[in-house]
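What follows is calculated from the coordinates using simple rules that are stated; it is not laboratory data. Predicted model only: the values in this text are computed from it and were never measured. All Cβ positions, glycine included, derive from the backbone under ideal geometry; neighbour counts span all protein chains shown.
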Amino acid sequence: MKKELVLVVFLLFFVKMSYADVCGGDISFNSYPTEPSCGSFTLRLRDISTLCNPLDECWDGYTSASLALPEGLSTPNPADLDKTIVSNINLYEYPITCSIAQDYEVILTLSNGSTCEESISLNFAPVAPSLALSITAPSSITKDIPTDFTVEVNNDGTVDVDSVELLWEVSPPDYTATPLSGTLSFGKITVGQTKSDTVSVTGTSLTTDTLPTFTVDVTNPTSLSSVTASETFSVTDALSVSCTNPLAFSKDDEMILTIPDVCTSEDGVAWTATGNADMAAAVVGTTVILTTSSGWTGTADINMTASKESQEASDSFTVTVLEPGDIPCGQTGYVESVCDYDQDGSFSKLRTCAPGSVCNDCNDDNRYIHPRMNETCDGIDQNCNLRYDEDFDEDADGFTSCGTRTDGSDKIKGTDKSDPSWDCNNTNEFIFPTNENPYCDCDNTNKSQSKRESISDGECEDNLDNDCDDLTDDEDPDCDPCNIFDDFNPFPEIIITRPERTELFIDDLITFKADVDREEYIDKKNILWEFGDGGMAYRLLANYSYEEAGTYTAKVSIRDKKDCHTSFDTIELTITECKEDTDCGNSSFCCDNLCKAPECIIDLDCEQEDPLITDELCENKGCDAFCSRGNCTISCTDDEDCNDLDDSTIDKCGNPGSCGSRCLHKKEELQINIVSPKEGERYPDNFVMLEYSTNMDVECEYQLNYGNKQKLYTNKFEIWARPGDNVLELFCNGKKAAVKFAVEGEANLIGDIAGESDEESSLFDFLKKKEPLIKVSEEEITTLLGRVIKDEGVGYELKRELSLKGNQSTIKLGLKNIKTFLALKNVELTVTIPKSIAENVDQIRSEPAFTVVEADPVVRHAIPNIGTGGLESVSYSIDKEITEELLNQIAAEVNIAEVTDEDIEEVKDKIEETQDATEITKRIVKEAGKTTVTTTIVPKGVLKDTKVFLEIPKCMAEKLNEVAFKNKNFKVISDDPLIVWHFTELSDKLDLSYEVSKDISVEDCERQSVILALAEQIEAMEVGSPAASYWRLILAALVVPVVGFGVVYFHKTGGKSPDDKKLDDVIDKTVASIKDAMAKGYYKEESSLNNLKLELYKNGWDAKSIEKLFKRIK
């Protein structure tokens, strides 16, 4: 047993860095780790300027660095203190050793003809010594025999310890001889050193109820006197052995004796046996084997020795070897080796004979049972070979033709073939009554059991009763695929392994995880989580939050691939808003697991300045507390009393200072101002500036011509508008603003449909040119995700805001997730507030509640999850007016859980699902020394919250400024270049184009480009959804009158020049059908007409005829 006690001395260390302005802010000189102890650490000199990235112009011309170390600090190689620095290395390190814990100032000088200095102050507090004791002792010692106890001391601290001395003693004293105590001196023990010594203890009396204890204490240094260790032990008597006599057996035989039958001793001893020249003795397990020389008879003493730990004891027994006829059968003390009671010529009880041998009669009372006897079908072993009726089992399958089993499990002879042991086919080893062969070998061809067979595979058609149940082929349920699956591989079982806690809070992001013992046999499309509140998920690993408190039963279900069986597991969760008052902050109580802020806590909360108001009391203190002020209740005296710390509300005090005063909180209305394009304006170019502003800090998205919705990364950029009329819509926090504008040029069919025009392309060219589909490999996905994670870095932004109302200050810290596709999980935000703002935590009111780390004050907030682009805020209210300078002194430390393999695999699964839900093609055009690459994404459903990543290879562009993009509303992940577009809803065809001003070899370069789409949610094209084309509502009604006329006609012409009159008739009939539908309320929106044009084209109409059709409609 090892005991450790460390002197309770809190060590205080801090590093304070100051930078000389002469060297500039791009030179970093600090320690690593940032909080080293007085031992070994590293000083680092680094150039962090942008000119030094990549490594080519570092150090701003400085060529040498010289480090001056004060006494107490040293380095292994003093010559390295003066370094020559070069421009293509941005980091130099100095290994430092601290020998004295005190304050230091270290100065580093840089030189290039002139010099500058960087300095760092190190402050080390004294370090307390620490020792650890351990005792190596036996669990028991033998009475009157000295036994050693080993004492070991280890210096597990950070400083050497001088003159170490220990006191040992044994208590109570009744069990031992003197001395009962003593001291051990170890002298100086250096850091990490271990020393040991032994103490001899002699037990003088046997242990009864109380066990003696060996104890060791540190007596010097006195500061470590509380370091102790102890071990209990018992005192036992000496080991003894007792053997019995006599034994006898026949000559030339081997005798095997069970040791407890001849000798006894304590439990747990090890035995050895010794014979003589004529009789050998050997111990095997719990037996002793005696073997004699050939033909020898006589008497021999066998010595048996038992040993246990350090003790040994011996005794012997006598063995007599006689002629076979000299041993009387049945006499006590003899081994019967030649008896033949039933006179059948086979001897009984000869222990060395193998079962079934001629010398071993397994039943010496029945002369018809012996090794030479033939079997009779009666469930009896006639030939003593431990098998029954085996002569009647011709195919050796364990079942006989007379209704018994050769293993003896059924010894009662069957009366007819319906008996469960009757073998209905005694010539085929694969046909027997209990044939539950999981391979269902119904045609006798699968003897190697290499594959499973079932009725669904066309097997089991041999017209044989394979398991003797009078059922053949598909009549036998044993060959049902579900039964085979159950036998061969039991149905997969599922168990919920997370969450581990069942009592959780509202809005906690709960990780639900279920493990399956045979995951390869489940249908992954039939995984279902039901969370008990109507919410569901469809993976084994899912995250979920409950919005209301209550008790919920979460259930997970799986279905096997053969659709035979459902396995499920449940877990009951209790969701609460709080458990204790501390969960609700400083101004609320936990009432029935819900946080409630009462009107008052103490009487002082109810006092009014009006001298006419008296007897202010806080009634029903606790959850239902309220202020009693006689017949008058004053809620507020001015607007400041109504500050609810919510920036989105306008706070007013109605009837201030009166008994009828009330606080009014009105939500400030969001205002969206579209600066450009202007309503009704006509622009000469397709590139039109989009610029907008809002009166609140909100995230927005835009939609052009009812197409895809895209998240806005900036409030000013150029968009590509089609010739003719355009509609721009902005969506911010559920509010919409829209403008209509126009672009010079004639609108055409392709512009109506695709939102763009291409004068050099023929109509519907983008539909006619079928480019090969792009599928991103798993290796490309892994590489791109790894690069995004690396380039995005920590993945969060921390913002500070300060607002003042009267003498009250509100500090708001906002933590935003700027990662593109990963949530920030298990976030810990630790905030250190300087004493110049608050002396202790009692002066701070917070929303949400915090955990106190130190009352100094240092507080911590636990945030389970911040989704992509999400923002979590914490607010502190302090009854003091503070400045921006004080605000910047607040230190915030953010700790985030590491990205796991499960997180990456979940993203990969979403990417693969997105690839299945889209068709992605790429078109490359080289013209006039320029290369234009257009990637087209056609969704098969409605893709929600979709990120589209584009990685452009270096051979096309070294930097982002070398590329011209058509869709300029993107986020730059890396200038390398790596960018991402974010579409909140993607349901229409999307073209993403970029151009480089050089002629690129497509084979060698463009194939290195990677474009990858990641949708968080994929929905089908449902009727009534924005993604669904309006024409689908009437497709069934119009497919013949609208599309059918043209399909039949154009198929008949076979692509030849149509007859103008017949064509006009078809167009006229189609126009009539469409106008009739419009009269009934269909085709009200432009997007529905566009999709009808596409449907006509897909069904054989040519572009010219479609244009003629719609001109007649107008």
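Find the Cα radius of gyration of the stretch 795-895, compare it with 2.2 N^0.38 Å by division, and give the number to two decimals.
Compactness ratio reported: 1.08.
Counting pairs of Cα atoms in the stretch 878-935, how many percent are more than 16 Å apart?
Taking all Cα-Cα pairs of the stretch 878-935, the fraction more than 16 Å apart is 75 percent.
Can you pull out the GluC sites (Glu not before Pro) in the stretch 829-936 whose DSSP state is coil and whose Cβ has at most 10 other Cβ atoms within 10 Å?
Glu898
Could you check the spin-label model distance between Thr286 and Ser111? Points 7 Å from the Cα along Cα→Cβ, value in nm.
A separation of 8.7 nm, rounded to one decimal place.
Take the Cα coordinates of the stretch 187-295, assign each an equal point scatterer, and use the Debye formula without solvent to give log10 I(q)/I(0) at q = 0.13, 0.14, 0.23 Å⁻¹.
For the requested q values the scattering log ratios are -0.74, -0.78, -1.30.
Could you check the simple spin-label distance between Thr194 and Asp278, using points 7 Å along Cα→Cβ, in nm with one decimal?
5.7 nm
Tell me, what are the semi-axes, in whole angstrom and largest first, of the equivalent ellipsoid of the stretch 494-576 as set by the roots of 5 times the Cα gyration tensor eigenvalues?
Ellipsoid half-lengths, sorted descending, are 25, 11, 10 Å.
What is the Rg over Rh value, at two decimals, for the stretch 242-326, using alpha-carbon atoms and the Kirkwood definition of Rh?
0.99
Once you have the Cα-Cα distance between Lys930 and Glu881, take 0.36 nm times their residue separation minus that, and quote the gain in nm to one decimal.
11.5 nm
Taking one equal scatterer on every alpha-carbon of the stretch 163-223, how large is log10 of I(q)/I(0) by Debye at q = 0.25, 0.27 1/Å?
Here the Debye-derived log intensity ratios amount to -1.04, -1.14.
Which loop-located GluC sites (Glu not before Pro) does the stretch 934-982 contain, where loop means any DSSP state but H, G, I, E or B and the Cβ has at most 13 other Cβ atoms within 10 Å?
When the GluC sites (Glu not before Pro) of the stretch 934-982 are filtered for loop state and at most 13 Cβ neighbours within 10 Å, Glu958 remain.
Can you pull the one-decimal nm distance between simple spin-label points at Ile818 and Glu640, each 7 Å off the Cα toward Cβ?
3.7 nm
With a Förster radius of 25 Å, plug the Cβ-Cβ distance of Lys596 and Thr551 into 1/(1 + (r/R0)^6) and report the FRET value to the nearest 0.05.
0.80
Report the full-extension gain for the segment Arg662 to Leu804: residue separation times 0.36 nm, less the Cα-Cα distance, to one decimal in nm.
Between Arg662 and Leu804, full extension yields 48.9 nm more.
For Ala964 and Ser40, what is the calculated FRET efficiency with R₀ set at 41 Å and r taken between the beta-carbons, to the nearest 0.05?
Efficiency, rounded to the nearest 0.05: 0.15.
Based on other C-beta atoms within 10 Å, arrange Thr198, Thr147 from fewest to most.
With the sparsest Cβ surroundings first, the list reads Thr198, Thr147.
Taking 0.36 nm per residue of sequence separation and subtracting the Cα-Cα distance, how much length would be gained by fully extending the chain between Asp1076 and Asp237, in nm to one decimal?
290.8 nm
Could you pull out the pairs from Lys910/Lys940; Lys678/Lys944; Lys816/Lys959 whose alpha carbons sit more than 23 Å apart here?
From Lys910/Lys940; Lys678/Lys944; Lys816/Lys959, over 23 Å: Lys678/Lys944; Lys816/Lys959.
Starting from the Kirkwood Rh over alpha-carbon pairs, what translational D in µm² s⁻¹ does the stretch 493-652 have by Stokes-Einstein at 20 °C and 1.002 mPa s?
109 µm²/s
Arrange Leu73, Leu509 by Cβ neighbour counts within 10 Å, fewest through most, would you?
Leu509, Leu73
Looking only at the stretch 857-878, which residues have a backbone nitrogen under 20 Å from a spot 7 Å from the Cα of Met696 in the C-beta direction?
Within reach of a label on Met696: 867, 869-876.
Could you check how many percent of all C-alpha pairs in the stretch 131-253 are farther apart than 19 Å?
Beyond 19 Å sits 55 percent of the P(r) for the stretch 131-253.
Over the stretch 948-1002, one equal point on each Cα, no solvent: what is log10 I(q)/I(0) by the Debye formula at q = 0.14, 0.21, 0.24, 0.26 Å⁻¹?
Relative scattering, expressed as log10 I(q)/I(0), comes to -0.39, -0.82, -1.01, -1.14.
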